[in-house]
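Accompanying notes for the structure given below.
The values are calculated or read from the model by the stated rules, or taken from the named source; none is laboratory data. None of these values were measured; they are calculated from a predicted model. Positions of Cβ are backbone-derived with ideal geometry, glycine not excepted, and every protein chain shown enters the neighbour counts.
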Amino acid sequence: MLRFIARRVLETIPVLFIIVTATFFMIRFVPGGPFTAEKAVTPEVMRNLERAYHLDQPLWQQYANYLGRVIFHGDLGPSFKYPNRTVNEIIADKLPVSLELGLLSLAIALAVGLTLGVLAAVKRNTWIDYVCSSAAMIGICVPTFVLGPLLVLTFAIHFGWFNASGWYTPIDRVLPSLTLGCVYAAYVARLTRGGMLEVLNQDYIRTARAKGASETRVIFHHALRGGLLPVVSFLGPAIAGILTGSFVIETIFQIPGLGREFVNSAFNRDYTLVLGTVILYAALLIGLNLAVDVAQVWLNPKLKFE
Amino acid sequence: MLSRLTLLLAAALVFSGCAKKEPTATAGSGSNPPARKILRFGNGSEPQDLDPQIVTGTVEYRLLQTFCEGLVNEDPQMNIIPGVAERWEISPDGLTYTFHLRADAKWSNGDPLTAQDFVQSYQRELTPALACAYAYMLFNHVRGAKDYYDGKLTDFAQTGFQAPDAHTFVLTLVQPAPFLLHALNQYAWYPVHIPTIKKFGGMTQRSTAWTRPENFVGNGPYVLKSWTPNQLIVAERSPTYWDRAHVKIDEIDFYPVELADTEERMFRAGQLDITNEVPLTKLAIYRREHPESVRVDPYDGIYFYRYNVARKPFDDVRVRRALALAIDRESLVKNVTLADEVPAYNFVPQNLLGYRSTDSFKANVAEARRLLAEAGYPDGRGFPRVDLLYNTLEKHKTIGEALQQMWRKNLGVDINLVNEEWKVYIDDQHARNFQIERAGWIADYVDPHVFFDLWETGGGNNDSNWGNAEYDRLLHSSLSARDNTGRYAIYHRMEKILLDEMPVLPIFYYTRARLISPRVLGFVNTPVDNCPWKYVDLAP
């Protein structure tokens, strides 16, 4: 298993390198730059701006300098849009916010999603199944930018229990986490139901029942482990997405997370911030996919590390 | 696995369940005595920085005007009033401005604010390595400033920025600039605290920590108390500001809320006293149900379409005029833009600093059809393919569609709408890679000069390929006019040229709509979208 992980980690290096290189050149070939503005600065000012950020050097040299700084110093450079902050600082500042939002949403998604999914599968084709499945379907269909404002309208404006937006006090976490959690809960519920249904028909479940195991034990001990497989593969990329923040949720609720920076940096042509967030996102995605593979083998006796 | 999950969920529930909702004022206000006046203001977006020599933008302008002050200031009616300088003299030739600084002017750390501070601030701004975007605001006007910026002059003492003594600051210009006192209110002219800047990275470093709340030193009515990026900037009344006796609000909380809909919900939930915008869809409802909460102010800017006069069919002035005469601006502002915008039949916002155009054009469909026929496109027949370029935004799309309909109906011409992402669109605009495009222009300071300067031949923001030698000559002669009456008379002649040649298609003059709590008193949104804070108060 250790060999498997070590090999996968090593494979990550060229992948990250390709992602960084492609991003570096792609963002440079996009029209417009960090200083493209409606009020054009004079040519001499523009020259000085480019010199200040070394944009006047040949592109390959900028690329080499960037790679050198990132690899040897872990320095992702200064932000173009926010001159008094470095990309490292912005990420250090905002990643924890996205992580907190992500973890809370994930907890909600798993708690709600797994419960609904297992219930629906166990009580297949009864009214319980229909209610759970419909709830999941609605969750998938209602976008966050509708659900979020609806929750705000009801609980913040009508009942006055929460702030309408912001990230100031612990209670401000409730509405955004609920909004983001509900969407993922819907997917988790559907995947769990599907996975469970497949497993519940397997021979080893019948064997377990025949050996007199209680229904609770059959479901939670024998079936759930296999039934969760599709959920686990879904969770890898989903967790990466959820942890790096959600642009929509962060904008609607005015949350200082990384998701907004990730999207806005591209609009701002904030070259260094784009690269910084892409590197982080790529590393997270690769890392979590690896974690999913490990979890798959652990959950599914048919799989082996190789 | 499940038990761990349950634990996590329980923790999350306990975590959220235990927390009590704070009063609406949220962070920064929990421990304040009740008498404290706190104004909560929606400021649009996160500022880039708070260094007046680095930033560009109105969000930053509003903050800097809170933390800094220039030589002179403007009252809510845009009259020039004393700032750091308590009085000033202008030489008869309009080239020398002598400012007498008040003896009690202080920085927020208690240091006295002297004329030398202004000289050093401007020296920093003109240092090429700093790459200040607005350096041209200085070097276009002040003697020797351009040479210093270009490295032809190394001794800053040789430039037109002089401090004969600690309380006298003298500016010598290359040519008269009758609008200079208003321009001095733009943040590029604010002083910066050089010792602090030197302490954190030096005079030429762009990215330093001097603007962090723990380090920031300013000279405005408020000091920077805290800055949580993308959440909140807290400004607290300055104990050292010379006019502190007239500052009424104890604390201003700036919320960088980007989405108008989010702001509106925060306003309704009592989290904001003043919003930055009003969602268009909600404006009518607020006007009907809560008219006391809606505020619409004039905004010194124009929304227009720019022709590329080097491209067919807009190389023909008759086509340019025809399109301009064939649209119903009244209907557009009433049914589409909705915020009391003023239909534009000339090129300069009206009634600011006493400026009124003497000539204007009128909507006239029959005349438009005649012009189009004369240009060779009777009833739009044979009209070439025309793409109207706009930056991707719902509002621009709706306006474009409305005008597209009017042109189809009134002239029989079909115009394609093409949208591009903001920076791509700007890039195409500056490269003049368009036929006709949406555009807007907001003044940096209040003076009609801003809008005439725009159309100088080859001007950095002209982008229309249009130019006229007589127009340029008048523009230059306007600077030497004895007084505003003489200057405005020259502008009237320039407007005639614009009306004849129609290099752009004026649509409307902007307004600024905000939601404002009735307990806010004395709030004024100036035409350059500033809010002079010391006039604002809160009802108990």
Across (1) buried (at least 20 other Cβ atoms within 10 Å of the Cβ); (2) part of a loop (DSSP other than H, G, I, E, B), B:Ala188 clears everything bar (2)
All-but-one check, A:Leu228 against (1) without any contact (Cβ under 8 Å) to a residue 24 or more places away in the chain; (2) more than 23 Å from A:Val142 (Cα to Cα), failing number (1)
By my count, helices (runs of 4 or more DSSP H) wholly in the range B:294-393 with at least 2 residues that are more than 30 Å from B:Glu264 (Cβ to Cβ) are B:317-325, B:365-374
Open item on the list: Going residue by residue through the range A:40-58, is there one that turns out to be more than 14 Å from chain B (Cβ to nearest Cβ), exposed (fewer than 12 other Cβ atoms within 10 Å of the Cβ), over 22 Å from B:Lys146 (Cα atoms) and free of Cβ contacts under 8 Å to residues at least 60 places away in the same chain?
Closed with: yes
Scan the range B:170-180 and give yes if some residue there is modelled with pLDDT under 95, closer than 30 Å to B:Asn79 by Cα and surrounded by fewer than 15 Cβ atoms within 10 Å (Cβ to Cβ), otherwise no. yes
Cβ pairs under 7 Å, 6+ apart or interchain, first in the range B:482-498 and more than 14 Å from B:Phe451 (Cβ to Cβ), second part of a helix (DSSP H, G or I) and modelled with pLDDT of 95 or more, ordered by first then second residue, are B:Arg493/B:Leu474
Among B:Gly144, B:Gly151, the single one that is over 27 Å from the mean Cα position of the chain (by Cα), within 14 Å of chain A (Cβ to nearest Cβ) and in contact (Cβ under 8 Å) with a residue 12 or more places away in the chain is B:Gly151
Among residues of the range A:234-252 being surrounded by fewer than 22 Cβ atoms within 10 Å (Cβ to Cβ) and at pLDDT 85 or above, the residue nearest to A:Ala111 (Cα to Cα) is A:Phe234
A:Gln296 passes all but one of the listed conditions (1) surrounded by fewer than 18 Cβ atoms within 10 Å (Cβ to Cβ); (2) within 24 Å of A:Gly226 (Cβ to Cβ); (3) away from every other protein chain (no Cβ under 14 Å); the exception is number (3)
Answer with yes or no whether B:Ile302 is aliphatic (A, V, I, L, M), touching a residue at least 24 places away in the same chain (Cβ under 8 Å) and under 30 Å from B:Asn79 (Cα atoms). yes
Reported set for the range B:232-246 where residues are within 24 Å of the chain's Cα centre (by Cα) and either part of a loop (DSSP other than H, G, I, E, B) or within 10 Å of chain A (Cβ to nearest Cβ) (or both) is B:Leu232
**Prompt:** For B:Ile497, are the conditions met, namely being over 21 Å from B:Val317 (Cα atoms), of a type in the set (Val, Ile, Thr) and out of contact with any strand residue (DSSP E or B) (no Cβ under 7 Å at 6 or more places or on another chain)?
**Reply:** no
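Can you name every residue in the range B:214-231 that is within 14 Å of chain A (Cβ to nearest Cβ) and either at pLDDT below 95 or over 15 Å from B:Asp49 (Cα atoms) (or both)?
Passing the criteria: B:Thr228, B:Pro229, B:Asn230, B:Gln231.
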Residue hits (the range B:195-209; surrounded by fewer than 22 Cβ atoms within 10 Å (Cβ to Cβ) and not polar (S, T, N, Q)) are B:Pro195, B:Lys198, B:Lys199, B:Phe200, B:Gly201, B:Gly202, B:Met203, B:Arg206, B:Ala209
B:Gly412 fails exactly one of (1) crowded, with 19+ Cβ neighbours inside 10 Å; (2) touching a Leu at 6+ places or on another chain (Cβ under 9 Å), namely (1)
When the range A:260-269 is checked residue by residue, the ones that are within 16 Å of the chain's Cα centre (by Cα) and more than 11 Å from chain B (Cβ to nearest Cβ) are A:Phe262, A:Val263
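Among residues belonging to the range B:496-517 that are in a helix (DSSP H, G or I) and in contact with a helix residue (DSSP H, G or I) (Cβ under 8 Å, 6 or more places away or on another chain), point out the one that is surrounded by the most Cβ atoms within 10 Å (Cβ to Cβ).
Among those that are in a helix (DSSP H, G or I) and in contact with a helix residue (DSSP H, G or I) (Cβ under 8 Å, 6 or more places away or on another chain), it is B:Leu498.
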Among residues of the range B:424-464 being facing chain A (nearest Cβ under 9 Å), touching a residue at least 40 places away in the same chain (Cβ under 8 Å) and more than 18 Å from the chain's Cα centre (by Cα), the residue surrounded by the fewest Cβ atoms within 10 Å (Cβ to Cβ) is B:Asp463
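Could you list all residues from the range B:276-293 that are assigned to a loop (DSSP other than H, G, I, E, B), more than 17 Å from the chain's Cα centre (by Cα) and under 24 Å from B:Pro76 (Cβ atoms)?
Scanning the range B:276-293 gives B:Val278, B:His290.
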